């Protein structure tokens, strides 16, 4: 699959895909006989992994570290697992905060008329 197809499939800029590859946030992508990127299933799996991590707020630097460890082989399994667990904890903390904010916004939206009617604060113009 060519880069423009991957870009459309995953709704990610081709420049971002090239950047991730250049800095090592994803492994080097397969190339065809003309030296054009030709994403195979494994390449697509790495793109999907990187996107999921980025969507969760994981830094490009983390991805670079993870890929670097992965390239070093199976003796880095525990280090990779530790990195994943660290990120999982950080994402969990962000998720907890987001859930609290979501709950507050949802409550306010569902009860807005009553909240507004009962408001007695500084900005009240009732």
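What follows draws every value from the coordinates through simple rules; no lab data is involved. Since the model is a prediction, treat every value here as computed from it, not as a measurement. Here the Cβ is made from the backbone with ideal geometry for all residues, glycine too, and neighbour counts use every protein chain on show.
Annotation: extensible slack from residue 70 through residue 15 equals 17.4 nm (criterion: 0.36 nm per residue apart, minus Cα-Cα distance). The structure-derived value of Rg and Dmax of the Cα atoms in Å appears in the list (i) 21.9, 74; (ii) 13.5, 40; (iii) 23.7, 70 under the label (i). The packing ranking, built from the mean of other Cβ atoms within 10 Å per residue, places the peptides 49-56, 6-13 in the order 49-56, 6-13, highest first. Within segment 12-27, whose backbone N sits under 18 Å from a point 7 Å along Cα→Cβ of residue 56? 25-27, by backbone N distance to the label point. Taking the chain as a Gaussian network, Cα atoms linked when under 10 Å apart, which of 106, 114, 97 shows the biggest mean-square fluctuation? Sorting by GNM fluctuation, first place goes to 114. Only DSSP H runs of four or more residues enter the estimate; each adds -39500 (n - 2.57), and after division by the residues of the chain the mean residue ellipticity at 222 nm equals -22500 deg cm²/dmol. The angle separating the long axis of helix 60-72 from the principal Cα axis of greatest extent in the chain is about 30 degrees.
Pull out the extension gain between residue 105 and residue 91, defined as 0.36 nm times the separation in residues minus the alpha carbon to alpha carbon distance; nm, one decimal. Don't skip to the answer; put the middle values down first.
On the way: separation 14, 0.36 × 14 = 5.04 nm, distance 2.06 nm.
Stretched out fully, the residue 105 to residue 91 stretch lengthens by 3.0 nm.
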